[in-house]
Amino acid sequence: MSRSAPDAAPGAPARARENGRLRRLLAPVGLGFLFLGAWEWAVRAFAIPPYLLPAPSLIAQTLGSDGASLLASLGITLLITAAALGAAVLLGGLLALLMAQSRTLEAALFPYAVVLQVTPLVAIAPLIIIWTDNIALSLVICAWIVAFFPIVANTTLGLNSAARELHDLFRLNGATRWQTLRLLRVPAALPYFLAGLRISGGLALIGAVVAEFVAGTGGTSSGLASRILEAGYRLQIPRMFAALLLLSAAGLAIFWALSALSRQLLRHWHESALDPER
Amino acid sequence: MASPPLFHTERLGHRFASGTEALLDVRLGVDRGEFLALLGPSGCGKSTLLRLLAGLDRPSAGAVHWDGGAPPRPGEIGFVFQEPTLMPWATVADNVWLPLRLRGLSRAEAGPRVAAVLEQVGLEGFADAYPRQLSGGMKMRVSIARALVTRPRVLLLDEPFAALDELTRFRLNDDLLSLWRAEGMTILFVTHSVFEAVFLAQRVAIMSPRPGRIAASLPIALPEPRAGRLRTTAEFGAACATVSDALAATMAEDGAVAP
């Protein structure tokens, strides 16, 4: 796509933008190191035993020694998260499209989506686990339940967000329902859907972990939640912290990846994806 | 004129769902190729009338009769809204392509027509730009190009330049007149500016509010072709004075406070 002349950015603002990007990256990393340093110092200075609070250096060491088994478990948790998120996107998107077809349908269906959202996962997880023989499938269903609603709610809002005048224009030009949906309502809904997706990505991970806590799976095919529980029972606190660290890192990575996807898809037109200096 | 009007309205009335009487007993005939300005204060039902003519809303009384009987098919009416209302996710060319796309024309098939109409509104070279990169006046040009791309018989414009600065508005007025002369379509132009109405239109229909109706219809006999210099002539001033007086008279009759 060729950039038009009036928007060509001169050199100086480009450099300022580069600096801004660096600052956004360095500031949180710097703060993190500061925090870890203080933590390390406190553990040594007050001689806190590792079963209460392990020092960051010990956690790193544990991560090195137990890394392989923890990473395998993380892989399983991430697989469940991805399956749940995929199902949430597919079914949530379909439900939103269905509800966008008529106000009556929306009024009839939306309360049930809310019911699914407000029911605490820990309360229904045992039921789901009883009803499905496959433990992995029951975990996916549990994680899907929490990831589903933000996508439905946001996409439904987005599908109804196109300007009234644009709807008039489509009518004037004899657009079919399908054309209006495809060329007007879906593109208008995209930023809303992506905002929902970013929320759901984190929720799917939480859902996968919480469900596994409830299910209490054992053996080699279990995810990070089981590793954390195990470590807790055996008082292997550094290992527990290492698992927690992996979990947080995975959550961050999911959020970052979905944000990058959102920026990429909206880069040409949506305010949220434009450079703040512009 | 000898030929029958392109359309005329018969006792057209419209009542909003709230019960407000927006239009009452509107009788208006528009000739083929005419440039008519609908002038009136805010809230007098000008936009409502335009929407009824376009078929966007159904009148609650009366009817619009089109010459030949059948109402215009999709694409035979071009509509320009108060706001440019472009799709922010689509490029300038894709926004203009839209009416043709809805008729099943591919981007390649529509390409030459889109390029031609963009050139007509002075936006050649901006086909790949996104709306956010354009100024308000340029966005409005895209909106006009989008309305023209189907070669409509009638172009309806609803206060399209109200939000623009004066210099931009003058230029767009000049360009709209050139387009009208080149294309020979019928134009209905809603405005609340006396100067804009007089400069553009061959006839000014003055609307009075609550409920909206046509209070007066004044022909504007200014030398053609009109151009920017006309705005500073004495004849233009005189025509504006006549229209202003008629507008003031309608509003006084109504008991409304002059703007």
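The values are calculated or read from the model by the stated rules, or taken from the named source; none is laboratory data. Here the structure is a predicted model, which is why all the values come from computation and not from measurement. Heads up, the Cβs are rebuilt from the backbone with ideal geometry, glycines too, and the neighbour counts pull from every protein chain shown. Side chains are part of the model used for accessible areas, which takes the heavy atoms of the whole protein and leaves out ligands, DNA and RNA. Shrake-Rupley method; radii C 1.70, N 1.55, O 1.52, S 1.80 Å.
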Alpha-carbon centroids, the stretch A:165-235 and the stretch A:90-160: separation in whole Å: 10 Å
GNM top mover of A:G216, A:G92, A:G37 - chain A, alpha-carbon springs below 10 Å: A:G37
³J(HN,Hα), Karplus 6.51/-1.76/1.60, whole Hz, each residue of the stretch B:30-42, x for Gly, Pro: 10, 7, 4, x, 7, 10, 10, 9, 9, 10, x, x, 4
In order through the stretch A:154-166: 3J(HN,Hα) via Karplus (6.51 cos²θ - 1.76 cosθ + 1.60), integer Hz, x for Gly, Pro: 5, 5, 4, 4, x, 5, 9, 9, 5, 4, 4, 5, 5
Amide H contacts under 5 Å for B:F7, placed H, 5+ residues apart: B:V30, B:D67
Of A:A250, A:P50, A:Q264, farthest towards positive along the dipole that unit charges on Lys, Arg, Asp, Glu beta carbons give chain A: A:Q264
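Counting only protein chains, not ligands or nucleic acids, how are B:W89, B:W66, A:W256 ordered by accessible area (probe 1.4 Å), most first?
So, going from the largest accessible area down, we get A:W256, B:W89, B:W66.
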Relative contact order (percent, whole number), the stretch A:67-268, Cα cutoff 8 Å, 6+ residue spacing: 29 percent
The stretch B:1-125: relative contact order as a whole-number percent, Cα under 8 Å and 6+ apart: 22 percent
Semi-axes of the equivalent ellipsoid for chain B, Cα gyration tensor, largest first, Å: 30, 22, 18
Cα centre as origin, Lys/Arg/Asp/Glu Cβ charges: chain B dipole, Debye: 520 debye
Averaged over A:167-178, number of beta-carbon atoms from partner chains that fall within 10 Å: 6
For B:A216, residues with placed amide H under 5 Å, excluding near neighbours: B:I206
Rounded accessible area of A:I228 (nearest 10 Å², 1.4 Å probe): 10 Å²
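Considering only protein heavy atoms, with the full assembly of protein chains and a 1.4 angstrom probe, order B:F79, A:F255 by accessible area, largest first. Walk me through the numbers before you get to the answer.
Working: B:F79 5, A:F255 100 Å².
Heavy-atom accessible area, descending, gives A:F255, B:F79.
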The stretch A:67-268: translational diffusion in µm²/s, Stokes-Einstein, Kirkwood Rh over Cα pairs, 25 °C, 0.890 mPa s: 134 µm²/s
Between the stretch B:61-102 and the stretch A:12-89, the alpha-carbon center distance in angstrom: 55 Å
Length-normalised contact order of chain B in % [C-alpha pairs under 8 Å, at least 6 apart]: 26 percent
Percent of Cα-Cα distances greater than 40 Å, calculated over the protein assembly as shown: 45 percent
In Å², nearest 10: area of A:T104 left accessible to a 1.4 Å probe: 110 Å²
Where B:W97, A:W131 fall by accessible area, highest first, once all protein chains stay in place (1.4 Å): A:W131, B:W97
